[in-house]
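To start, the structure under review is shown below, and the notes come after it.
The values are calculated or read from the model by the stated rules, or taken from the named source; none is laboratory data. Fair warning: this is a prediction, and the values are worked out from it, not measured in the lab. Here the Cβ is made from the backbone with ideal geometry for all residues, glycine too, and neighbour counts use every protein chain on show. All accessible areas refer to the heavy atoms of the entire protein, side chains included, with ligands and DNA or RNA removed. Shrake-Rupley method; radii C 1.70, N 1.55, O 1.52, S 1.80 Å.
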Amino acid sequence: MQRKDAKTIIMYYRSIPEMKRLLQQERRELEDEYCGLHGISMDGMPHGTSPGSPVESAAVTLAESGASDRIREIENRVQILEDDQRHIQSALDAVNGRYKNILTMRYLNGYSWGGISARIGAPDSTVRHWDSKALIRFGKALEDAGETGEILGRATRARV
């Protein structure tokens with residue numbers, strides 16, 4: 001795996017929690033909009049202005065709008081993101097301690113080269129060289145973990 005591909009995947013990994021949060025927020029909004037309990041008052045009895053059961057009406061509206069399909073799609077997408085997150089984390093854990101620290105500081109925490117070199121106590125050029133080696137080792141660990149092609153495809157399509 002090339003360094004640029006490993007870098008793309010680690011940046012994707014960094015954005016997974018935010019992508020999951022946005023998907024779960026969309027799911028909550030859809031569920032709130034089409035929840036059958038909205039037509040139930042404090043006495044526990046369904047009330048509404050339209051004829052028929054408010055729950056049935058909400059179910060029909062849900063089916064017609066395609067929201068239930070979108071909710072299932074969101075659930076599948078969140079599951080894929082969680083699987084990707086586990087695969088990438090296991091590959092990151094397989095990288096040597098110093099190289100893992102550099103990857104974490106640079107790509108997950110957003111430190112500058114100067115910030116990393118100050119924390120590690122090594123020259124800037126050495127830190128950049130270690131970063132290059134770290135990306136290569138991370139790429140090899142990803143290939144060893146499997147499913148690299150699918151993850152890379154999703155990582156390049158993701159808006160990170």
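Taken over region 122-134, the residue count meeting the criterion of being over 16 Å from residue 94 (Cα atoms) and open to solvent by 70 Å² or more (accessible area, probe 1.4 Å) is 4. Under 17 Å from residue 3 (Cα atoms), charged (D, E, K, R) and either surrounded by fewer than 17 Cβ atoms within 10 Å (Cβ to Cβ) or in contact with a strand residue (DSSP E or B) (Cβ under 9 Å, 6 or more places away or on another chain) (or both): is that true of residue 137 in this structure? No; evaluated as a whole, the condition is false for this residue. Return yes or no: is residue 33 under 20 Å from residue 78 (Cβ atoms) and at pLDDT below 95? Answer is yes for this residue.
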